[in-house]
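Presented below is the structure to which this report refers.
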Amino acid sequence: MSLPRLEELEAEMQKCFRCSLCKMVPLPTVLNPKYADGCPSSHLYHFHGYSGSGKNIMALSLVNGRIQVDQSLADITFACTACGLCDVSCKFITEAERHAVNIALREHIVDEGFALPAHRSMIKNLQEHGNPEGRSEDPRPGWIKDMGVKILPDQKAPVLLFTGCIQCDPGATYVARKCASLLKRAGVDFGITLENNLSCGLPAYWTGHRDIFVNIANRLVVSSMTWGSRRSLQYPDHVWELYDQSIRSMPRRPRPRSCISLNSWRS
Ligand code: SF4
Ligand code: SF4
């Protein structure tokens with residue numbers, strides 16, 4: 001149930017005193033006021049409700065029974081990119097968990113039946129095709145062409161390079177190809193998987209579909225173990241960092257023993 005999770009965060013919501021610093025990049029880092037504006041949704045819509053503070057205040061009103069979930073609340077909440085800037089900026093002045101409230105609010109809105117139609121169809125794609133766009137074609141001819149990369153589990157390798165659904169996106173496969181080239185040049189014995197066009201499930205997390213995210217993440221971890229890649233699981237960093245951060249807050253942590261991002265491995 002999502003309401004108790006929101007209720008647990010009430011103390012965090014109460015810490016907001018509406019200074020609006022969460023709409024800007026952290027002030028000590030501002031070199032030019034022209035670039036101080038930081039929150040995309042409040043920049044676009046101008047009303048306070050679209051800021052990190054606004055969502056905390058609306059969440060507090062929900063928890064205290066002053067408002068109910070409705071379409072307006074869903075539209076305002078999901079206008080936010082969940083970039084986390086408000087959480088970072090607010091932490092410059094107080095110990096508060098803005099991002100946690102934001103995500104818990106999303107989950108409660110979804111539980112109450114107000115998920116956005118576009119998110120619903122993306123979730124359907126994730127469940128049916130393993131990727132948010134609903135691609136079903138075999139990505140094999142694309143990004144690994146001429147690379148001689150091992151394919152798990154048919155071939156064995158101690159390191160799995162997990163590229164998620166990036167490998168199904170023709171516009172982004174160059175990222176996966178670069179990661180693979182880097183590992184090859186470093187002499188790492190690694191392989192990839194093309195199984196089920198697996199997504200890491202983050203789109204479910206960002207859109208408030210917690211159970212679906214946890215299921216996908218669990219499935220991924222269990223699969224990675226059966227693929228024989230016991231030593232490490234590596235993601236392109238921008239995916240892994242978010243994934244790692246997200247699952248750390250989950251009660252059941254679907255984390256293999258040695259998952260690291262490509263960047264951590266390099267350092
Ligand atoms: S969320 Fe933090 S930075 Fe934003 S208004 Fe509230 S106290 Fe200020
Ligand atoms: S997470 Fe949402 S509210 Fe916070 S800064 Fe980003 S867009 Fe704005």
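Structure above, values below:
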quantity: Residue, farthest from residue 118 (Cα to Cα), within region 58-87, restricted to residues that are among the β-branched types (Val, Ile, Thr) and surrounded by 15 or more Cβ atoms within 10 Å (Cβ to Cβ); calculated: 63
quantity: Condition check for residue 132: more than 15 Å from ligand 2 (Cβ to nearest atom), without any contact (Cβ under 8 Å) to a residue 12 or more places away in the chain and either in the same structural domain as residue 172 (by TED's automatic domain parsing) or not basic (Lys, Arg) (or both); calculated: no
quantity: Any hit, region 16-36, residues being in contact with an Asp or Glu (Cβ under 9 Å, 6 or more places away or on another chain) and more than 15 Å from ligand 1 (Cβ to nearest atom); calculated: no
quantity: Top-ranked residue of region 114-146 - restricted to ones that are modelled with pLDDT of 90 or more and of a type in the set (S, T, N, Q), ranked as surrounded by the most Cβ atoms within 10 Å (Cβ to Cβ); calculated: 125
quantity: Among residues of region 50-72, those that are under 17 Å from residue 85 (Cβ atoms) and either in contact with a strand residue (DSSP E or B) (Cβ under 7 Å, 6 or more places away or on another chain) or of a type in the set (Gly, Ala, Ser) (or both), counted; calculated: 4
quantity: Options 67, 93: the member that is near ligand 1 (Cβ under 10 Å from one of its atoms) and more than 18 Å from residue 41 (Cα to Cα); calculated: 93
quantity: Criterion violated by residue 2 - all others in (1) more than 24 Å from residue 112 (Cβ to Cβ); (2) more than 12 Å from ligand 2 (Cβ to nearest atom); (3) within 25 Å of the chain's Cα centre (by Cα) satisfied; calculated: (1)
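Condition check ((1) assigned to a helix (DSSP H, G or I); (2) more than 10 Å from ligand 2 (Cβ to nearest atom)) across all residues:
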site: 6; (1), (2): yes, yes
site: 16; (1), (2): no, yes
site: 31; (1), (2): no, yes
site: 43; (1), (2): yes, no
site: 58; (1), (2): yes, yes
site: 68; (1), (2): no, yes
site: 72; (1), (2): yes, yes
site: 75; (1), (2): yes, yes
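The values are calculated or read from the model by the stated rules, or taken from the named source; none is laboratory data. Small disclaimer: the values here were computed from a predicted structure and weren't measured. Ideal geometry is used to build each Cβ from the backbone, glycine not excepted, and the neighbour counts take in all protein chains shown.
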